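A short worksheet on the structure shown next.
The values are calculated or read from the model by the stated rules, or taken from the named source; none is laboratory data. This one's a predicted model, so the numbers in the text were calculated from it and none came from an experiment. Glycine also receives a Cβ, built like all others from the backbone with ideal geometry; neighbour counts cover every protein chain displayed. These accessible areas exclude ligands, DNA and RNA; they are computed on the full protein's heavy atoms, side chains included. Shrake-Rupley method; radii C 1.70, N 1.55, O 1.52, S 1.80 Å.
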Amino acid sequence: MQVLGIKTDLISPGDDLVKSLDKAMAGSGLALQDGDILVVSESTVATAEGRVVALHDVTASPLALSMAAKYSKDPREMELILQESDEIMGGIPGVVLTLRGGFLYPNAGIDNSNAPPGHVVLFPADAQKSAFEIRERMARGRKIAVIIGDSRTHPLRLGCVGVALACVGMEPVEDARGQKDLFGRELKITRKAVADNLVSAAQIVMGEGDEGIPAVIIRDAPVSISEVHCAIPTIPPQECMYIGALRSGPRPYTGGYDQLIEQAAQAAKDAYAPYSGFLVGAALLSRSGKIYTAGNIENAASGADICAERAALARAIASGEKEFEAIAIVGNAVEPVSPCGICRQSLIEFGEDIIVIMANAKGDAMTATLADLLPKAFTGKCLR
Ligand code: THU
């Protein structure tokens, strides 16, 4: 197998990537052949597609400002991360882990390496479409595959390996199940991430810095070229051993229940809390679309206190509701208000997947499911 680098001129926003690759290949006596796999780096595709943003054109929202402070990010970059991702899974100083279209990305794939000063390069708008179009234009009757590649670290490993973001013309993942191991035992779960492995091979030649090699041709790889044009397969987060193992507990709230939070904040105004002075409001959204609100109700004998969440739940149940989508809780506290243990138990009776939005009057908010907040709960199932 050979990995042949294509050294191009600097690719700028709006450049025709195929023309640049053709010119570079002609200049170094390279031409695509039947069976070749062209691997192009994600940031080059994105740059040519004009996915370059000047940070001074970006205005950070209040949410971006608070998340930028939390994760030590530039607020404008945080704004772009929020716009570009489907979900923020958490983060460490400088890096926010995001989900976009089922793929995990650091910082929503937003890159400031190989971007002009003051600019960042976003991820290609539709990498699979880009790969398809590059192949359409570059094949010229030859049987080739095109992969758009990026680099990633694996959990707890130092250094990046290749990952295919899009692949056209070959199977990205080979199913090795059913094949025999050296001792004749049948392989049960092995699938080979062929496209990812090819990107890793490509990156040995491409490098990540100023090498000016944004694409490579992989020749004589033991891969068959076909008319396959399917997205890179992914698995749902809860079935992934890393995410499944680590994803529990509250995450930053990134939208979807603003109205529910607002109603909970209103309900806190009617709380009866003369003893603690700690006013809490809850708003419970039923699957039928109705919202039931309440504040906490205190008593001179504090054991008789009723939290806002259980007061809202009582109103909903008394109105005939049994199924709920989400509950927002707002209190005038430094941290978002978390439901107490008794409320978690009362709510989980009606569903482990109820979304809990914990907020404070300043606008900080976190979200989790009830199962996240009450793992291994005692429920009706345990009685059966
Ligand atoms: N409280 C709630 O209403 N909800 C919570 O999630 C936490 C605590 C109330 C109960 C009591 O009236 C006051 O806050 C102080 O504990």
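Would you check which residues across region 274-322 are of a type in the set (D, E, K, R), more than 18 Å from N360 (Cβ to Cβ) and either within 9 Å of the ligand (Cβ to nearest atom) or open to solvent by less than 50 Å² (accessible area, probe 1.4 Å) (or both) and list them?
E298, D305, R310, E321
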Residues in region 335-355: is at least one modelled with pLDDT under 95, assigned to a loop (DSSP other than H, G, I, E, B), within 14 Å of the ligand (Cβ to nearest atom) and under 17 Å from I261 (Cα atoms)? yes
Taking region 6-29 and keeping only residues that are surrounded by fewer than 17 Cβ atoms within 10 Å (Cβ to Cβ), hydrophobic (A, V, I, L, M, F, W, C) and assigned to a helix (DSSP H, G or I), one is left with V18, A26
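So which residues in region 101-123 are closer than 16 Å to S151 by Cβ and open to solvent by 40 Å² or more (accessible area, probe 1.4 Å)?
L104, P106, D111, N112, S113, N114
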Test: residue in region 248-261 that is under 23 Å from A326 (Cβ atoms), modelled with pLDDT of 95 or more and within 16 Å of the ligand (Cβ to nearest atom): yes
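Taking region 262-273, which residues are part of a loop (DSSP other than H, G, I, E, B) and either more than 9 Å from the ligand (Cβ to nearest atom) or within 38 Å of the chain's Cα centre (by Cα) (or both)? Full working, then the answer.
Taking region 262-273 and keeping what is part of a loop (DSSP other than H, G, I, E, B), we get 269-271, 273.
The answer is K269, D270, A271.
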Can we say A245 is among the hydrophobic types (A, V, I, L, M, F, W, C), surrounded by fewer than 24 Cβ atoms within 10 Å (Cβ to Cβ) and more than 10 Å from the ligand (Cβ to nearest atom)? yes
Can you pull out the residues in region 30-61 that are closer than 23 Å to L198 by Cα, open to solvent by 20 Å² or more (accessible area, probe 1.4 Å) and either part of a loop (DSSP other than H, G, I, E, B) or acidic (D, E) (or both)? L30, A31, Q33, D34, G35
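What residue, of V163, V173, V95, is more than 19 Å from T47 (Cβ to Cβ), under 19 Å from the mean Cα position of the chain (by Cα) and either of a type in the set (S, T, Y) or open to solvent by 10 Å² or more (accessible area, probe 1.4 Å) (or both)?
On inspection, the qualifying residue turns out to be V95.
One line per residue, one yes/no per condition, for (1) of a type in the set (S, T, N, Q); (2) at pLDDT 95 or above; (3) closer than 16 Å to E227 by Cα:
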site: S113; (1), (2), (3): yes, no, no
site: G118; (1), (2), (3): no, no, no
site: V121; (1), (2), (3): no, no, no
site: A125; (1), (2), (3): no, no, no
site: K129; (1), (2), (3): no, yes, yes
site: F132; (1), (2), (3): no, yes, yes
site: A139; (1), (2), (3): no, yes, yes
site: A145; (1), (2), (3): no, yes, yes
site: I148; (1), (2), (3): no, yes, no
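Here's the yes/no breakdown for (1) out of contact with any helix residue (DSSP H, G or I) (no Cβ under 9 Å at 6 or more places or on another chain); (2) outside any loop (DSSP other than H, G, I, E, B); (3) in contact (Cβ under 8 Å) with a residue 40 or more places away in the chain:
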{"site": "G320", "(1), (2), (3)": "yes, no, no"}
{"site": "A328", "(1), (2), (3)": "no, yes, yes"}
{"site": "A368", "(1), (2), (3)": "yes, yes, yes"}
{"site": "D372", "(1), (2), (3)": "yes, yes, yes"}
Report, ordered by the first and then the second residue, all pairs with beta carbons closer than 9 Å, sequence separation of six or more or different chains, a first member in region 261-288 that is free of Cβ contacts under 8 Å to residues at least 40 places away in the same chain, and a second member that is away from the ligand (no atom under 14 Å from the Cβ) and open to solvent by 70 Å² or more (accessible area, probe 1.4 Å). S286/S319; S286/K322; S286/E323; R287/K322; R287/E323; S288/E323
For region 323-332, which residues satisfy the criterion of being away from the ligand (no atom under 14 Å from the Cβ) and either open to solvent by less than 50 Å² (accessible area, probe 1.4 Å) or polar (S, T, N, Q) (or both)? F324, A326
